[in-house]
Amino acid sequence: MTTRIRALALACSTCLLPAVAAAQIPGFDSTLAKMQESLGQDHVHLTGDVVLSQANSKFYADEVDYYPKTNRVVASGNVLIQEVDHQIAADRADFNALTRLGTFYNARGFASLGTHVDISQFGTLHPDVQFYGDTIEKTGPP
């Protein structure tokens, strides 16, 4: 096999790699990514279809940088968090994996107000909220 064909075969094979288990991130039951790099004692870089899962939520991104000492997660590229009562899509996110408090950038989403609201005020409409913003911060529990 020539060097050029070998390089092409290697490039194609990396495009088809399945996601594999990656560094465990506290606050999530499983972590999947196509590639993982350890960039020092306090920095793990995950790339390629990153999925962080927990019982009632999933978090997706193209790339995730995780800092174990502070439980900081910085995600970029097609960021999406799906939970039972809300969903947020963003270009980038920076949050604490354990507290789930943080900031989403160029974000949009929706949330169900569920039983926390007097449904009679909405008539026949569902008590859902849609939101968007350059910066959306989660500063406390729901």
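State all residues of region 35-50 that are open to solvent by 30 Å² or more (accessible area, probe 1.4 Å) and under 13 Å from Pro68 (Cα atoms); if no residue qualifies, say none. Matches in region 35-50: Ser38, Leu39, Gly40, Gln41, Asp42, His43. Of the residues Ala61, Ala55, the single one that is among the small types (Gly, Ala, Ser) and open to solvent by 80 Å² or more (accessible area, probe 1.4 Å) is Ala55. In region 22-34, of all residues being over 12 Å from the mean Cα position of the chain (by Cα) and without any contact (Cβ under 8 Å) to a residue 40 or more places away in the chain, the one that is surrounded by the most Cβ atoms within 10 Å (Cβ to Cβ) corresponds to Ala22.
Just one residue in the set Asn96, Asn106 is modelled with pLDDT of 90 or more, open to solvent by 30 Å² or more (accessible area, probe 1.4 Å), in contact with a Lys or Arg (Cβ under 8 Å, 6 or more places away or on another chain) and under 17 Å from Gly133 (Cβ atoms); that residue is Asn106.
Note on region 47-69: residues that are assigned to a strand (DSSP E or B), of a type in the set (Gly, Ala, Ser) and modelled with pLDDT under 95 amount to 3.
Within region 33-58, which residues are of a type in the set (Gly, Ala, Ser) and on the phi > 0 side of the Ramachandran plot? Gly40, Gly48, listed by residue number.
The values are calculated or read from the model by the stated rules, or taken from the named source; none is laboratory data. What you are looking at is a predicted structure, and each value in this text was computed from that prediction instead of being measured. Note that we place each Cβ from the backbone using ideal geometry, even for glycine, and neighbour counts take in every protein chain shown. In case anyone asks, the SASA skips ligands and DNA or RNA and just uses the protein heavy atoms, side chains included. Shrake-Rupley method; radii C 1.70, N 1.55, O 1.52, S 1.80 Å.
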